[in-house]
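Notes for the one structure printed next.
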Amino acid sequence: MNSIYHEFALLLLVSALVGAFAVRLRQPLLVAYIVVGILVGPAGFGWVSAHDQIDLLAQIGITVLLFVVGLKLDLQHVRHIGPVALATGLGQLAFTILFGFFIILALGKDWLTALYVAVALTFSSTIIIVKLLSDKRELDSLHGRIAVGFLIVQDLAVVIAMMLMSGLGGMGAETIGGVKLAVLLLARLVGAALLLFVLMRYVLPRIVDTLARSQELLLIFAIAWGTALAALGETVGFSKEAGAFIAGFSLASTAYREAISARLTSIRDFLLLFFFIDLGAKLDFSTLGDEIGTSIVLSLFVLIGNPLIVMAIMGYMGYRKRTGFLAGLTVAQISEFSIIFVAMGISLGHVGPSALGLTTLVGLVTIAISSYMILYSHRLYEWLSPWLGAFERRHPFRELAVEHAHRDEGKPDVIIFGLGRYGGRLARALQQQGIRVLGVDFDPEVVKSHRHDGMHVRFGDGEADDFIDSLPLTGVPWIVSTLPGYEANLALMHALSMHGYAGSIAMAARDETEASCMEAFGKVEILRPFDHAADFAALDLAARIAVAELPNGKEST
């Protein structure tokens, strides 16, 4: 290649082509990106030599990924994890680590490699599972909600594991006494917790309130904050991954986390492209041949063992075998975190490259197979249903209770995008009539004001697909947009269409030109604020004029 720019152009083009092929096969893109790395790397055609630049982008990609994970772990959400999600998540973690550890030891690995790989086998890909369930319109189903619950437990577990293993520092290079090691690790964790408390309580809310007035500045700050704490985490003896997570978690309780997360998602996906390409390019095929047998055994363990333990726990807790089966399929894979976790172990000197190769092989196999298992889960259940009776009580009491309690649970009757003078007054008037309203606006001052008045409001951009996915759209009968401009409403319609929203939509048009453009959207109720206001004012004024023209002391007839 003549230049690094040309190499990157070729890399992105090949990634797009191979990614398109993967989408046709209904496979997650991370599988395609690893294949791209193999193709363009030394084991393939050797087209790319800009390894330092790709490695830098890969590290930033991991930073943004962990930052977004921390951003989504709001303490309020963690506090409301249901007992079934908690029990299933912890049960699956304990089962996979314990049995996986002994299986890997039996396959001839040393104890530290066995521990790392066993922990890596416990993590399922939140990104892939949420995407697959969303595509199937099952994210709000009972098994979808339970799966998201124990994915939160897994996300917490992966961060705790990263914090503990990175806190051990040079464990692979020197021998440290057990007591001294525990004291040093505890001191690091306590120091990090104190710093986090001070930042979340006194510093960050004021900074973010100021920066939120500019969408671009808020995004730049988020990336800067994530990379800065990642660098600090590595400096003080943790890892970049742990520092990036802490950076995201420190903003998770702010009103802007969903807006930040929505804008970071595309950047995360783009940068992770380079991580998986870099991973594929670095795979050593001379040693992978020895890991094929081990990877097959561990893949079968993940594909079969993890769903079985989830089904057993959910059946015991009073759920139907169908719900347990559909939820269990979501853990029949390992995730990008598994690969990142083992890669971190290599950087810390705890394990060798062979552990990363083994984990990557298991990841490719389980992600590829489990994606089809989730996509065709209902057909698969029909085939296996006669043999699943052992995973269901005679009376699935908890599922019956959950189904009854979930009806109309906290669902708004209308979601209003844009809480300016018209949208805000409309929202307040609807609330006064007993209608449950959820407001959405991107102005932090407007959001703060309406929240102070007791309205349920979210800070976010109605034009961002990922933010729309975070809203409780299923079952909401009406959506009203008072967003200014045809382009903003067109983007909102596209996002609602991608989500599969089937309710009624009303949009405010400022003039007849805008109204005629909105009519092209299809079944949309057009609101004309200025026309309606003028008509109302005319009727009111006419009545006042009529009263004023009456003779003094006479009544109208």
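The values are calculated or read from the model by the stated rules, or taken from the named source; none is laboratory data. Computed from a predicted structure; not experimentally measured. A quick note on method: Cβ atoms are made from the backbone with ideal geometry, for glycine too, and the neighbour counts reach across all protein chains shown.
Here is the figure for segment 490-504: residues that are within 27 Å of K72 (Cα to Cα) and in contact with a strand residue (DSSP E or B) (Cβ under 8 Å, 6 or more places away or on another chain) total 4.
Within segment 125-157, the set of residues being at pLDDT 80 or above and within 18 Å of F67 (Cα to Cα) comprises S125, I128, L151, V153, Q154, A157. When you look at V31, is it surrounded by fewer than 17 Cβ atoms within 10 Å (Cβ to Cβ) and either within 21 Å of the chain's Cα centre (by Cα) or assigned to a loop (DSSP other than H, G, I, E, B) (or both), yes or no? So V31 does not fit the description; no.
The residue that is modelled with the highest pLDDT, among those in segment 223-270 that are outside any loop (DSSP other than H, G, I, E, B), within 30 Å of V447 (Cα to Cα) and hydroxyl-bearing (S, T, Y), is T227. Here is a check on your reading of the model: is A187 over 30 Å from L30 (Cβ atoms), in the same structural domain as S125 (by TED's automatic domain parsing) and not in a helix (DSSP H, G or I)? No; evaluated as a whole, the condition is false for this residue.
Checked against the criterion of being surrounded by 14 or more Cβ atoms within 10 Å (Cβ to Cβ) and closer than 11 Å to L273 by Cβ, the candidates I54, I38 yield just one match: I54.
Against the condition touching a residue at least 40 places away in the same chain (Cβ under 8 Å), under 26 Å from S354 (Cα atoms) and not acidic (D, E), how does L219 come out, does it pass? No.
Report yes if some residue within segment 313-327 is of a type in the set (G, A, S), over 27 Å from G233 (Cβ atoms) and without any contact (Cβ under 8 Å) to a residue 40 or more places away in the chain; otherwise report no. I'd like the intermediate steps shown before the answer.
Initial filter on segment 313-327 (of a type in the set (G, A, S)): 315, 318, 324, 327.
Filter once more, so that each one left must be over 27 Å from G233 (Cβ atoms): 315, 318, 324, 327.
Going one step further and asking which of them are without any contact (Cβ under 8 Å) to a residue 40 or more places away in the chain, we end up with none.
Within segment 313-327, none of the residues are of a type in the set (G, A, S), over 27 Å from G233 (Cβ atoms) and without any contact (Cβ under 8 Å) to a residue 40 or more places away in the chain.
Looking across segment 515-546, the residues that are out of contact with any strand residue (DSSP E or B) (no Cβ under 9 Å at 6 or more places or on another chain) and of a type in the set (D, E) come down to D531, D535, D540.
Of all the listed residues (I296, I334), the sole one being part of a helix (DSSP H, G or I) and hydrophobic (A, V, I, L, M, F, W, C) is I296.
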